[in-house]
Amino acid sequence: MFRNLSKTLSAGALALTLALTGITATATPAAANNHRNNGAEAAAIFGGLLLLYGLSQANNGNRHNPQVIQRHNPPVIRLNEPPRNHRVAPSQCFIEGHDNNGYYRGYRYRCMQNNVSAPHLLPQNCLRHVWTDRGQRTIYAGRCLANNGWTRG
């Protein structure tokens, strides 16, 4: 209700201002100096600018700026469930031993591919070739897996 009323009032005030300006305008000769009207023209200009500023502020108050509401959903913590960690290396895949290059510790390649919940997350840069008593084997280096976020299960 007030939105339409203020628009109507501001439109009416503007119309009244324009109508009164047309009535009071008279044909007066132009003066080279401003001594005759004692600053009345400057006061009229200042009053008109003040009236226009007031009208613009009255219209700005009617704009509805929507408020942005941001909702934050905190993570749900379930007390009875273990944390879901897809990067757990099974302990049955762990091997260690000595070869020609020294001591090695790691996880057997095929065992990891078959027993890990997310084998696509295994880093390929951790693959190493070692010599065991059963010949050459491919393993995932233990420290390299740990550096890539894997834990021993």
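The values are calculated or read from the model by the stated rules, or taken from the named source; none is laboratory data. All values reported here derive from a predicted model rather than from experimental measurement. Heads up, the Cβs are rebuilt from the backbone with ideal geometry, glycines too, and the neighbour counts pull from every protein chain shown.
Some observations on this one:
- Taking residues in the stretch 120-140 that are closer than 14 Å to W150 by Cα, and partners anywhere that are outside any strand (DSSP E or B) and β-branched (V, I, T), the pairs with Cβ atoms closer than 7 Å and at least 6 places apart or on different chains are L122/V116.
- Residues that are of a type in the set (S, T, Y) and within 17 Å of Y109 (Cβ to Cβ), drawn from the stretch 138-153: T138, Y140
- Among the residues making up the stretch 107-133, a single one is β-branched (V, I, T) and surrounded by fewer than 17 Cβ atoms within 10 Å (Cβ to Cβ): T132.
- Pick from the stretch 103-114, criterion in a strand (DSSP E or B) and among the aromatic types (F, W, Y), ranking: nearest to Q92 (Cα to Cα): Y107
- Selection status of H86, modelled with pLDDT of 70 or more, closer than 30 Å to C111 by Cα and under 34 Å from the mean Cα position of the chain (by Cα): yes
- Where a residue in the stretch 59-78 is at pLDDT 75 or above and its partner, wherever it lies, is not polar (S, T, N, Q), with Cβ under 9 Å and at least six apart: none
- Complete set of residues in the stretch 134-153 that are surrounded by 14 or more Cβ atoms within 10 Å (Cβ to Cβ), touching a strand residue (DSSP E or B) at 6+ places or on another chain (Cβ under 7 Å) and not in a helix (DSSP H, G or I): R137, I139, Y140, A141, W150, G153
- Residues that are farther than 28 Å from N100 by Cα and assigned to a helix (DSSP H, G or I) within the stretch 115-133 comprise N115, P119, H120, L121, listed in sequence order.
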